[in-house]
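Scroll down for the structure; my scribbles are underneath it.
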Amino acid sequence: MNDLSVLHGMTLFVEVARAGNFSRASAILGVPGATLSRRIAAIERRFGVRLFDRTTRRVELIDARPRYFERCGDLVVKARLAQEALHDAAAGPTGHLRVSMPVDIGVHLVSPLLPEFTRRHTGISFELDLSPSHRNLVGEHADVAIRIGAVKGDQLIVRRIGTVEMLLVAATTYLER
């Protein structure tokens, strides 16, 4: 039996102990009763101890096993909480996002998108730093920065997200002068 099957076995053990019999634990876990019984027997063989006193109607922890049950129960609860956290993380982004960008981009391009963004991503709060200066993004703890032109800094991951066309315009009267 490898370490992962031992962890799985602990989960099975905890459910049998809580349910008080193999049939109920089988229904809760969605595992056939015979499989459940074999897995518990494998744990008992591996450690050389009996975990339960079994009758046809009832399963009871042997006197010395409640301590094992408590420790396994704690592990099972922590494992379930870890799985739920992973599931929640996969369900949608959460956290606080710090974004740095020039004022014009923030006002004209990003701010019109913010109401829809906040509606779609309720788990994200954000802070906008609208500044024309190119600050030290690592030192300022910015998560994302939008910049125009070349970006300096070897600690940064840079992606082009668009281009800006530069035009030089003037009034015809100005050009005639």
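The values are calculated or read from the model by the stated rules, or taken from the named source; none is laboratory data. Being a predicted model, the structure only gives us computed values, none of them experimental. Methodologically, a virtual Cβ is constructed for each residue, glycine included, from the backbone with ideal geometry; neighbour enumeration extends over all protein chains shown.
Structure above, values below:
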read-out	value
Count - residues of the stretch 130-172 that are under 21 Å from PRO93 (Cα atoms) and not in a loop (DSSP other than H, G, I, E, B)	2
Failed item, numbered, when LEU86 is tested on (1) in contact (Cβ under 8 Å) with a residue 60 or more places away in the chain; (2) more than 15 Å from PHE13 (Cα to Cα)	(1)
Of all residues in the stretch 49-59 being surrounded by 14 or more Cβ atoms within 10 Å (Cβ to Cβ) and within 12 Å of PHE22 (Cα to Cα), the one that is modelled with the highest pLDDT	PHE52
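Table: residues versus (1) in contact with a His (Cβ under 9 Å, 6 or more places away or on another chain); (2) outside the structural domain of LEU51 (by TED's automatic domain parsing); (3) at pLDDT below 90.
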site: GLY73; (1), (2), (3): no, no, yes
site: GLN83; (1), (2), (3): no, no, yes
site: VAL103; (1), (2), (3): no, yes, no
site: VAL107; (1), (2), (3): no, yes, no
site: PRO112; (1), (2), (3): no, yes, no
site: GLU116; (1), (2), (3): no, yes, no
site: THR122; (1), (2), (3): no, yes, yes
site: ILE146; (1), (2), (3): no, yes, yes
site: LYS152; (1), (2), (3): yes, yes, yes
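So that you can scan it fast, the table gives a plain yes or no per residue for (1) among the acidic types (Asp, Glu); (2) in a loop (DSSP other than H, G, I, E, B); (3) under 19 Å from GLU70 (Cα atoms):
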{"residue": "VAL16", "(1), (2), (3)": "no, no, yes"}
{"residue": "SER37", "(1), (2), (3)": "no, no, no"}
{"residue": "ALA42", "(1), (2), (3)": "no, no, no"}
{"residue": "ARG46", "(1), (2), (3)": "no, no, no"}
{"residue": "ARG50", "(1), (2), (3)": "no, yes, yes"}
{"residue": "ASP53", "(1), (2), (3)": "yes, no, yes"}
{"residue": "ARG57", "(1), (2), (3)": "no, yes, no"}
